[in-house]
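Visitor: Structure incoming, see below.
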Amino acid sequence: MESEYFNFLIFDHETSRTRRLRINKETLKIGFYLLAFILLSTTFFFCDYIQVKKKSFNLNRLSQEIQVQKSQVQFFSARIEDLEKKLLKLKDADRRIRIIANLERGQETNPFIGMGGPSPFLNHEKE
């Protein structure tokens, strides 16, 4: 018949005494399973903690990037407003100059001047 207990002998070096520890096999199995569960749980929670720390670091970095981008958007918005004001001033100056010079909008320069291919007169002269 198989023994239901594990016997451990503990020797004390100073007193030269021997102590005997008897542990039930079922208790030892439960203790082993509990130890394995605690070890796996600790490993899982440690890995999860590392993942959370990485995500927290990335979140902080992205928050800083967002702040930088917000300040850049505000800067560019202010620059665009300045340019729009300057454009309005130029349009107003253009309108006043046209009034003073007695020019109308129809007398503006044609943007298509100088465009095109060879003269049609040159093609007829060769024939």
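Readers should treat all values here as calculations from the given coordinates under stated rules, not as data from a laboratory. Quantities reported herein were computed from a predicted structural model and do not represent experimental measurements. Counting neighbours? That spans all protein chains shown, and the Cβs are built from the backbone with ideal geometry, glycine included.
Visitor: Given H placed 1.01 Å from N in the peptide plane, which residues other than close sequence neighbours of TYR5 have an amide H under 5 Å from its amide H?
Guide: LYS25
Visitor: While we're here: Give me the number: length gained by fully extending ARG61 to TYR5, i.e. 0.36 nm times residue separation minus the C-alpha to C-alpha distance, one decimal in nm.
Guide: My answer for the length gained is 14.3 nm.
Visitor: For Cα pairs less than 8 Å apart in space and 6+ apart in sequence, what is the mean separation divided by the residue count of region 1-104, i.e. the relative contact order in percent?
Guide: So the answer I get is 12 percent.
Visitor: Given 0.36 nm per residue, what is the gain on full extension from GLU84 to LYS25 after removing their alpha carbon distance, in nm?
Guide: Roughly 12.6 nm would be gained on extension.
Visitor: Modelling each spin label as a point 7 Å along the Cα-to-Cβ direction, I'd like the THR43/SER77 distance in nm, to one decimal.
Guide: It is 5.2 nm.
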